[in-house]
Amino acid sequence: MRINSFLTDIAKDYDKRVEYVAFCPLQFDHFGEVHRRKSVEQYRVLIDREKLPCPYSVIFTLFHELGHIALGHLGYMKKHYEENQNAAEAEVDEWAFHRMGLMDKHGQIKEEHKLCYECHRTRSLVCLKESKEGCI
């Protein structure tokens, strides 16, 4: 596990309860996870960098995991989250896209970010923007 101080600083700007953000291998179908410490209300955000095709997807994963904290999908709300997981994941994605400034005032993905959105939606293993434009 490698703690990333840059991502930790970003996370702490959104929620002071984040203890750290670290890169480490995760379960097969997980790009990121949030772990809540039992003794204090602190969170550890874990990101599996090896599964993510570009820097944008790392940042999106960070904001997605911060959304779980902000929207109360942990702790006492965890049971409700587990019963409504698909809706909760969509809610967190929207939260993340808004915080990253990728949506317009009508709640639609801005044109210049549609490839990144598609990359996330399909869980692409390659950066669609990079393959189309030659850069991110």
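Could you identify the single residue in L46, L7, L66, L62 that is assigned to a strand (DSSP E or B) and under 30 Å from L128 (Cβ atoms)? So that I can check it myself, show each step before the final result.
Working: L7 fails: assigned to a strand (DSSP E or B); L66 fails: assigned to a strand (DSSP E or B); L62 fails: assigned to a strand (DSSP E or B).
Among L46, L7, L66, L62, only L46 is assigned to a strand (DSSP E or B) and under 30 Å from L128 (Cβ atoms).
Can you tell me which residue is nearest to L125 (Cα to Cα) among those in the range 32-58 that are among the hydrophobic types (A, V, I, L, M, F, W, C) and touching a strand residue (DSSP E or B) at 6+ places or on another chain (Cβ under 8 Å)?
Among those residues, the one meeting the criterion is V58.
Which condition number does A88 fail, the rest of (1) surrounded by 19 or more Cβ atoms within 10 Å (Cβ to Cβ); (2) at pLDDT 85 or above being met?
Among (1) surrounded by 19 or more Cβ atoms within 10 Å (Cβ to Cβ); (2) at pLDDT 85 or above, A88 violates only (2).
Looking at K38, K12, K114, can you tell me which residue is surrounded by fewer than 17 Cβ atoms within 10 Å (Cβ to Cβ), basic (K, R) and either part of a loop (DSSP other than H, G, I, E, B) or on the phi > 0 side of the Ramachandran plot (or both)?
K38
Quickly run through the range 84-122 and pick out the residues that are within 27 Å of F28 (Cβ to Cβ) and either among the hydroxyl-bearing types (S, T, Y) or without any contact (Cβ under 8 Å) to a residue 12 or more places away in the chain (or both).
Passing the criteria: N84, Q85, N86, A87, E89, A90, Y117, E118, R121, T122.
Hey, G75 hits all of (1) at pLDDT below 90; (2) surrounded by fewer than 17 Cβ atoms within 10 Å (Cβ to Cβ); (3) out of contact with any strand residue (DSSP E or B) (no Cβ under 7 Å at 6 or more places or on another chain) but one; which does it fall short on?
(3)
Out of the range 15-25, which residues are in contact (Cβ under 8 Å) with a residue 24 or more places away in the chain and part of a loop (DSSP other than H, G, I, E, B)?
Scanning the range 15-25 gives D15, R17, C24, P25.
Which residues, counting only those in the range 92-102, are surrounded by fewer than 17 Cβ atoms within 10 Å (Cβ to Cβ) and more than 16 Å from G32 (Cβ to Cβ)?
Within the range 92-102, E94, H98, G101 qualify.
Is there any pair linking a residue in the range 52-67 that is touching a residue at least 60 places away in the same chain (Cβ under 8 Å) and within 14 Å of C116 (Cα to Cα) to one that is of a type in the set (D, E) and surrounded by fewer than 22 Cβ atoms within 10 Å (Cβ to Cβ), with Cβ under 8 Å and at least six apart or on different chains, and which?
So the pair list comes out as P53/E130; C54/E130.
The values are calculated or read from the model by the stated rules, or taken from the named source; none is laboratory data. For clarity, every value in this text was computed on a predicted model and none was experimentally measured. Backbone-built Cβ (ideal geometry, glycine too); neighbour counts: all protein chains shown.
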